[in-house]
């Protein structure tokens, strides 16, 4: 499985080259790897189903215990069927969809394969860090695919919104995952779920993880990015925004649900937002004229439905959920691809301009009808099977499940209505509109649409093919599962009755003109898009105001801000835990007092000095005073070096200031009391450092272990009795090498700064020098 | 263990002077500030490294009587590095002098622009909402009435 | 200092027999940037070798007494500073024949090679060995490999100081002596 993921990434790297050579065929080449992955996964399905769940591991940062672990279980297999199966189909479809010679081919094929690989990694990952990495990779791929060439403002805006919203959720999720992993003591998801931790931290973690799932799966109030993302090419929408990426949120919830389904912080948000999303999405889909946007709202609605089912947390609901995940992937990708054909052949996706396509393209119409009916929950299709199971699961649960059922029924009525709207709008004949002129729909593309559509039909008749897989996942919810099997016919039961009622109500809703008129109406403040816009605007304004205030461009202000932060943040922490030092004494040696006075007076006078040379000489006095203090401290080497360096520093200072005016240029304070503010700030910061030093030296207890070791081993190990020198040239010689490298660099830098100046002389100067030299030569 | 007040006062003075000089606009003063901060840091290492004692020559005194050699080695390295840094900064000041004719630290132009923009924005907030129209236009794809973008 | 071109034009061998091979003091044609002090120049010349010897002593004594590569190198550097302060860039050029970056580079190379050599025999980088020799007259001599690291440090520091003299010292001494600030500023304005 690791190999499969890696193969995706490798192929993605080469696809731009392949596209340059063979054009659209690159998509077909790109489809090979997902197809092979699908075949491989299906051939190993036995091991996933036999509760063996083979795991592979690759330690990529062993030093900090990070590894990438895959775990091949039922849910992963189901997702691979969607990710790789539909991925391969979409890539083949794109080969026909793209215009010949389209320059985006290399980019899009590469990104799609990269996305397929990331998605594969996401569904296989068994540790939270890899899960997050692949999660964000899909976000980035989505951003790049939606943005396309980024030539229009709309493309950029939609792509940015998709990126901002989903990566905001992704970051929240990362935090949540880390909290969860810390609480559980392991990063392995399977181990976390086997022993789910509890407590307040876990509640917060769960909420954060849900935020990630909701943004990715376009749940209210984060949903507007999904309709916006419809500016992407249709195959991309079909893959990312119907079959695979938006399912990642549902997948995440489904992955963690077995461990947390009893936690109110887990199921309440899922159920509430899921229901809201389901109803709102269906409601809004009713008014759309653009087929693709209609499908996008439909997707939002369906994702809400899937969320509700995971949130319900019972065995049958879970079974229904995974059934519908499969069904939705099949029918929604088929429908998107259908829209792609319509769009490509007729040049429009607007319901009001299309007419008579059903008669023109019979095979495509049949396939699309199959998919639409599956979406609406008509028998005999997989969507119906799933919906039956869903109603069954909600009927026999706790009282809250009945409330959920009511919401789901309402949402389903909308679903039926917008499904019919789609079908009639796309393929129906409109008396007022002239029949749309269109070439044949294309055999290859129609076939590709047919594959998922027909699969939905076949699986409805033989649900036994997939039931072990789906039930295998549901088994995680209950040790002794009820005796329920997927099927088209369970007898005259309540679910069947409800299904019929939903279909009738949906049909009536579709027929009455009431719904479309009402459906666009949402109170202004409730527009989620406005919320997003306000959020982004606010963020930009905040950034500008913070930058404008803190980053005023003046070096003193920067330093002042840094100093204030230094004193305020660590200082506050330090003072809160302060302990009075044990043994406070005025001095260690009487010699320290006059030296200290000398140093302080010299340092104080530096500030007041108006002449450069005075200031430099006073700084030298400070340096010599420090050297003397080192002698008192017992640091002979240190003092020697200090005296020598101080002398050299003085000389270098004098070299430079001989070119400067003797007096300092007067500061022009930007506001009058600047000098006093600076002085106060400096004094506070200086005192803070001194307190720090007192605390450090107060918490010191005798000679540290390392120093003792150095003293004891200096003679034997290095042949030196001067321990300081032994440390420099032997024990810590690596530091010394680094240090002399810094010296070399500094000297070179200084040389280039000063000698570069000579080159700035006007060329006349050089020319005259050369001329002099030439003349001298001529003379000889 | 023991804490030496005199040295603490010296440290406070050196760091305060260093910080103050660092906040000046004359590059030469800034460099002097860095030199003094360097002195302060070296002294800090010694103060934090314990009270005075015998010089560390192995075998000449009891280990307990010696000063800690490690801070000394660190400070020795730091002294030389400070010297290298100072010369580099002096070269920089000289270069600034040669190019601009002064050694003052100038304000960053880009940062100033941001500040100006912020001031303008604050002024506009009071008059009206400039972004209202743009927000309206974006809210458009909540319910797009017209056909979407032509696909590529 | 090389001989004057005029002499090369008309080579009269017997006139050069007793001519010193090197000029011990600069003649007045060397353009110094500040007034010369003969006393200072001569003293600097006399003291110079002694200071260098002291620096070598410090380098070698570093293992047992105060000193070491850093201090030794700084003392040697100060010796060159003395020469420069006394006689200006021409004096410095007379003192140093090698380009300072070469000194820096060789110091760094010696240090790095010393660090890497143990790796050749499979030991960790920077590990040191001690050799003890018994010389006929001097008695026992102890050499440690980390002495070479110290030598590298010494050379590098000397190189850095000479380089600074060349750049910060000689590189900034534009304009003749006695220039006041107004002239300097005018000069700067004209140049930029």
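Exposure proxy ranking for C:153, A:146, based on other Cβ atoms within 10 angstrom of each Cβ and starting from the fewest, stands as A:146, C:153. Taking the fewest neighbouring Cβ atoms within 10 Å as the starting point, the ordered list for B:19, A:688, A:653 is A:688, A:653, B:19. The shape of segment A:622-718 can be summarised by an equivalent ellipsoid whose semi-axes, obtained from the alpha carbon gyration tensor, come to 38, 25, 10 Å from longest to shortest.
The C-alpha atoms of chain A define a longest principal axis, and helix A:382-395 lies at about 80 degrees to it. Computing FRET efficiency as 1/(1 + (r/R0)^6) for residue A:549 and residue A:10, where r is the C-beta to C-beta distance and R0 is 45 Å, gives about 0.40. Peptide A:709-721 is shielded by partner chain Cβ atoms: per residue, an average of 6 of them sit within 10 Å of its Cβ.
Label 7 Å along Cα→Cβ of residue C:109; segment C:134-153 residues with amide nitrogen under 18 Å? What the label zone holds, given the 18 Å backbone N cut-off, is C:148-153. The spread of Cα positions in segment A:263-513, taken along each principal axis and listed from longest to shortest, comes to 58, 36, 33 Å.
Placing pseudo-labels 7 Å out from each Cα toward the beta carbon at residue A:734 and residue C:93 gives an inter-label distance of 4.5 nm. Each principal axis of the Cα atoms in segment C:35-173 has its own extent, and those three values, largest first, are 58, 34, 23 angstrom.
At 0.36 nm per residue, and after removing the present C-alpha to C-alpha distance, how many nm does the segment from residue A:443 to residue A:430 gain when stretched out fully?
Full extension from residue A:443 to residue A:430 adds 2.1 nm.
Seen from all directions on average, segment A:313-363 presents a Cα convex hull projection of 5.0 nm².
Counting only the backbone N, which residues of segment A:368-391 are under 12 Å from the spot 7 Å out from the Cα of residue A:485 toward its beta-carbon? Once the point is set 7 Å along Cα→Cβ of residue A:485, nothing inside segment A:368-391 turns out to lie under 12 Å by backbone N. Counting only Cα atoms, segment A:23-69 measures 44, 32, 7 Å along its principal axes, largest extent leading. Remark: segment B:19-93 projects, on average over all directions, an area of 5.5 nm² (convex hull of Cα atoms). Above 30 Å, the calculated P(r) of segment A:555-730 contains 40 percent of its Cα-Cα pairs. This ranking places A:96, A:141 by how few other beta-carbon atoms lie within 10 Å of each, fewest first, which gives A:96, A:141. In segment A:23-164, the alpha-carbon atoms span a convex hull of 120 Å³ per residue.
Using the Cβ-Cβ distance between residue A:706 and residue A:52 with R0 set to 45 Å, the FRET efficiency from 1/(1 + (r/R0)^6) comes to roughly 0.30. Can you give the angle from 0 to 90° between the axis of helix A:494-511 and the longest principal axis of chain A, with both taken from C-alpha atoms, to the nearest 10? Rounded to the nearest ten degrees, it is 90.
Taking 7 Å steps out from each Cα toward its Cβ at residue A:504 and residue A:352 produces label points 3.4 nm apart.
Mean per-residue shielding of peptide C:83-90 is 1, counting Cβ atoms of other chains within 10 Å of each Cβ.
Output the peptides C:156-165, A:695-704, A:465-474, A:547-556 sorted from most to least packed, where packing is the average of other Cβ atoms within 10 Å over each peptide's residues.
Working: C:156-165: 27.9, A:695-704: 15.9, A:465-474: 19.0, A:547-556: 17.4.
Highest-to-lowest ranking by the protection proxy: C:156-165, A:465-474, A:547-556, A:695-704.
What number, in percent, do you get for the relative contact order of segment A:263-513 if the mean sequence gap of Cα pairs under 8 Å and at least 6 apart is divided by its residue count? Intermediate values should be presented prior to the final figure.
Numbers: 399 pairs, mean separation 69.1, N = 251.
After rounding, I find 28 percent.
In percent, rounded to a whole number, the relative contact order of segment B:33-122 is 24, using alpha-carbon pairs under 8 Å and six or more apart. For segment A:689-736, report the translational diffusion coefficient in µm²/s to the nearest whole number, using Stokes-Einstein at 37 °C, 0.692 mPa s, and a Kirkwood Rh over Cα pairs. Translational D for this selection: 271 µm²/s. Relative to the longest principal axis of the Cα atoms of chain A, helix A:291-312 runs at roughly 80 degrees. Treating r as the C-beta distance of residue A:168 and residue A:400 and R0 as 30 Å, the FRET efficiency rounds to 0.50. Remark: segment A:86-138 is approximated by an ellipsoid whose semi-axes, taken from the C-alpha gyration tensor as √(5λ), come to 28, 11, 5 Å, largest first.
Residue by residue along A:595-607, Cβ atoms of other protein chains within 10 Å of the local Cβ number 5 on average. When Rg and the Kirkwood radius Rh are both evaluated on Cα atoms of the protein assembly as shown, their ratio Rg/Rh stands at 1.12. Taking every C-alpha pair closer than 8 Å and separated by at least 6 residues, the mean separation divided by the residue count of chain A gives a relative contact order of 9 percent. Shape index of segment A:111-162: Rg/Rh, with Rg the Cα radius of gyration and Rh the Kirkwood radius from the inverse mean 1/r over Cα pairs, equals 1.09.
Bear in mind these aren't lab numbers, they're just calculated from the coordinates by the rules spelled out. Since we're looking at a predicted model, the values are computed, not measured. Note that we place each Cβ from the backbone using ideal geometry, even for glycine, and neighbour counts take in every protein chain shown.
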